[in-house]
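Readers should treat all values here as calculations from the given coordinates under stated rules, not as data from a laboratory. In this text, all values refer to a predicted model and were calculated from it rather than measured experimentally. FYI the Cβ positions are ideal-geometry reconstructions off the backbone, even for glycines, and counts take in every protein chain you see.
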Amino acid sequence: MDSPAHNTLVRAVADILAAGLPQDEAVAHFIRSTHGDLPPDALAALLADPGDPQAASLIELLLFPGEAVALALEPALAAARPDEAEAALLAEELAGRVTRAVAVLPDGSRLVVPLSPDDVRRFVGRLAPTRTLPGETAALLAARFGPDAALSLAVAARQTGPDWTPGAASFFRSLAERLPGGAPNASEILRYVLRFLAGLPAGALPLPALVARRGQLSAQLRRARLQEETLAKSNFETLLLTGARLPYLHAPDIRRELDFADAAILAVTGRPAPDTLGSCLDLGTFSDMDGMLAALGDPER
């Protein structure tokens, strides 16, 4: 493939591998706990030894693109917008071109990391090149929340978000369009919905699934508060001896997710979600978010 956007993306990935992949303190801690306080030249020698089984696991660790790398590559990935075939071609081109990378540790030391073609292909796969935020949604985010927030959300969509089926794309676009731009936690709500959409089973409709999840969270919060009251009157050991089963229910975490779900449902539908599990109602057949909102009685229509 010989398009300017594709060629720019190939160069961008090759350049960032050569310039250096920043590593966080967790990686440095793993290296120290596994290999001791080896100086950089000793670590480089370890990485260069293809017969050392520890070298492969260390290369795997060093080849994860972090936030800085993802932010730097997002414009090129979004411009190229590769499909599955184009992503495979991108991996093959880089596998035939790149033979080493540089890892930059938190103390500033730099490690040369020799790469096999399979290492390069795995790195490209970890970039999730096909999971690009739909173009009109990216433009909407930039217009409503600013370019920096839009870039960060595009990276979140690529790293943790869904494959963009028509249903997921329509729901997320409706949320981005209707969510109050001045909301202090707008970015967190959008990130929550990206993670939620990524976890949906194939064919699930986003809005009914989110309402159902909201019902589960509401029930969990009630149980968590009841559990807190029970523990306040007794103690954990005594309750266990009586046969009580106390699952881990952390009320603040549940409350936080419930608030995100409530905010998303309110933004998309224009009305708060009921605090009960709804009864079944046949709304007919619809293929996208606009059809669902019309069936629900969209207040803006």
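Annotations
- More than 22 Å apart - percent of Cα-Cα pairs taken over the stretch 127-215: 20 percent
- Value of relative contact order over the stretch 64-131, rounded to a whole percent, pairs C-alpha under 8 Å and six or more apart: 40 percent
- Nearest-0.05 FRET efficiency for Ala204 and Asp118, computed from C-beta distance (R0 41 Å): 0.75
- Sorted peptide list for 145-152, 31-38, criterion being average Cβ within 10 angstrom, highest first: 145-152, 31-38
- For Arg32 and Glu60, a Förster radius of 22 Å and the Cβ-Cβ distance give a FRET efficiency of 0.80, rounded to the nearest 0.05.
- Built amide H within the under 5 Å cut-off of Leu21, gap 5+: Val102, Ala103, Val104
- Environment charge of Ser152, counting only residues whose C-beta is closer than 10 Å and scoring Lys/Arg +1, Asp/Glu -1: -2
- Charged side chains reduced to their Cβ positions (Lys and Arg at +1, Asp and Glu at -1) give the stretch 142-213 a dipole of some 80 debye around its Cα centre.
- Taking a Cβ cut-off of under 14 Å around Leu140, the surrounding Lys, Arg, Asp and Glu residues balance to a net charge of +1, with basic ones at +1 and acidic ones at -1.
- Ala68-Glu92 FRET efficiency (beta carbon distance; Förster radius 25 Å; 0.05 resolution): 0.45
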